[in-house]
1. Please give me the summed charge of the neighbours of residue 39: other residues whose Cβ is under 10 Å from its Cβ, Lys and Arg +1, Asp and Glu -1.
2. Give me, ordered by chain and number, the residues 5 or more places off residue 76 or on other chains with an amide H under 5 Å from its own placed amide H.
3. Using every alpha carbon pair in the chain, what percent of pairs falls into each 10 Å bin from 0 up to the bin containing the largest distance?
4. What residues from region 145-175 fall in the zone where the backbone N is under 18 Å from a label point 7 Å along the Cα-to-C-beta line of residue 4?
5. So, with +1 on the Cβ of K and R and -1 on the Cβ of D and E, and no other charges, what is the size of the charge dipole of the chain about its Cα centre, to the nearest 20 debye?
6. If r is the Cβ-Cβ distance from residue 21 to residue 119 and R0 is 25 Å, what FRET efficiency results, to the nearest 0.05?
7. Which of the helices in the chain, when you take each full DSSP H run, stretch at least 27 Å along the axis at their Cα atoms and have an average Kyte-Doolittle score of -0.5 or higher?
8. For the pairs 33/67; 10/70; 33/125; 23/125; 33/62; 62/147, note any where the Cα-Cα span goes beyond 28 Å.
Amino acid sequence: MRPWIQDYLKNYERVVAALPCEKIEALIEIFRKAWENDRRIFVFGNGGSAANASHFVTDLGKGSSDKLSKRFHVLSINDNTPWLTAIGNDYSFEDIYVRQLMNYAQPGDILYTMSVSGNSPNLVKAVQWGNEHGMETVALLSQKQGKLAGIARHVVIVEDDHYGRVEDAHMTISHMICYAFMEGLSATSS
């Protein structure tokens, strides 16, 4: 077991070392502008990425906001099970995110999604809709890239295709965004 654990950690170290710092810095700036301009941030994913979305929203909405002069307007749209199942049942699973965005999203808001495959139809449809409606669309992906790599306005690729390591790296990126604000590095930069 120990060699497997050491191998996992060694591979994760490789993944983290290859993260594109300039793209993460650009994401932090996108979030700073959203905060500055009172824009909404919608976060979503499927499976483990949905859990990461909820975690990120908690950290940005509470932890980061607690350190700032005003709060982030951030929402995980994969957390309302009754709404998700109503949309999935009455329309299709492909519509579970886009139909929520139709109620709330406005031009200039951020869509932030995470996906290992990059091909989930519900994520692709939401990002396409966001682009058509003037939103800043962000996708954290794996080396598989998928359709999202070609349509999201801002893409960060984690250079691996192992679901665990990629989802770990997506959360690391999300934590860096949050902690840039929690530790006072972003709120006043321009």
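1. So the environment of residue 39 carries a net charge of -2.
2. 43
3. With 10 Å bins starting at 0, P(r) equals 10, 37, 36, 14, 3, 0.
4. Under 18 Å, as judged by backbone N against the label point of residue 4, lie 162-166 of region 145-175.
5. Values: 18 positive and 22 negative charges, 26 e Å.
I would put it at about 120 debye.
6. That pair, residue 21 with residue 119, gives E of 0.40.
7. Passing helices, by number: 163-182.
8. 10/70; 62/147
Values in this text are rule-based calculations from the coordinates and carry no lab data. Only a predicted model underlies this, so the values are computations on that prediction, with no experimental measurement involved. Heads up, the Cβs are rebuilt from the backbone with ideal geometry, glycines too, and the neighbour counts pull from every protein chain shown.
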